[in-house]
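Every number in this text was worked out from the coordinates using simple rules, so none of it is lab data. All values derive from a computational prediction rather than experimental measurement. For neighbour counting, all protein chains shown are included, and Cβ atoms are generated from backbone atoms with ideal geometry for every residue, glycine included.
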Amino acid sequence: MIAPSILSADFARLADEAAAVTGADWLHVDVMDAHFVPNLTLGLPIVQSLLKATDIPLDCHLMIDDPDRWAVGYAEAGAYNVTVHVEAAADPVKLAANLRAAGAKAGLSVKPGTPLEPYVELLKHYDTLLVMSVEPGFGGQSFIVEVLDKVRQARRLVDSGELTVVVEIDGGINADTIEQAAEAGVDCFVAGSAVYGAEDPARAVEALRARATEAAAQVVRGVH
């Protein structure tokens, strides 16, 4: 699955930018509060407007303090997947239940330096694991290859039946890095500038999908 990130889109033309990635699986929306991360982007009113402008399921990534208070509003508005940070949530189990009750999938994100092991039991309450492959807060950063160890660990847990999460990755995903991420076991790839920096964003989505699909297929065939 490919989830273009509107963090790299033209904020003055969000409806057009959403329409430009027809064929994307999810539309990734980075919500930042200038507290949890040192940047301020957009919030619930813009998400509500975007929901009216596109049929692509919205994948809202909340890089905010106190997600226990704010996250459910995004689910109630109609976001398909609402992801909170394990480093910020006060009661992640209750929050996951509240997100699901409000009609959304519940996602849990870990920063590059946050290990997966302490949260494996917690992830049984979630639908999505978002592994950050850059420090959250800004687009256009370089991919941190070391986080792929967490992806491999998550993939093993999913393949063994211990977890049932979609493994998502966000940060520095482009034509060069998507193959490594696919080989490690990622299901959903968030791509910002690799999509919205392209002349034809919809074609860029399909090109990324093709690269990821081929890389994953090579693993199955035992090439890697």
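Placing dummy labels 7 Å off each Cα toward the beta-carbon, the span from residue 35 to residue 48 is 2.0 nm. For residue 215, neighbours were defined as the other residues whose beta-carbon sits under 10 Å from its Cβ, and their charges (Lys and Arg +1, Asp and Glu -1) total -2. Lysine pair count for the chain (Cα-Cα distance under 25 Å; residues 8 or more apart in sequence or on different chains): 10. Computed about the Cα centre, the dipole magnitude for the stretch 163-221 is approximately 140 debye when only Lys and Arg (+1) and Asp and Glu (-1) carry charge, each at its Cβ. Name the shape class, rounded, prolate or oblate, that the alpha-carbon gyration tensor gives for the chain, where a ≥ b ≥ c are the square roots of its eigenvalues, rounded holds for a/c under 1.5, and otherwise prolate holds if a/b is larger than b/c and oblate otherwise. Oblate is the answer for the chain, as a/c is 1.5 or above yet b/c matches or exceeds a/b. Counted as membrane-span-like here are DSSP H helices of the chain whose alpha-carbon atoms extend 18 Å or more along the helix's own axis and whose Kyte-Doolittle mean is -0.5 or above; these are 201-221. Each of 38, 110, 61 was placed along the dipole of the stretch 1-123 (beta-carbon charges, centred on the mean Cα), and the one lying farthest toward the positive end is 61. Annotation: the antiparallel percentage among DSSP beta bridges lying fully within the chain is about 5. Given +1 at the Cβ of Lys and Arg, -1 at the Cβ of Asp and Glu and no other charges, the dipole of the chain around its Cα centre is 360 debye to the nearest 20. Each of 54, 177 was scored by other Cβ atoms within 10 Å of its Cβ. Arranged with the fewest first, they read 54, 177.
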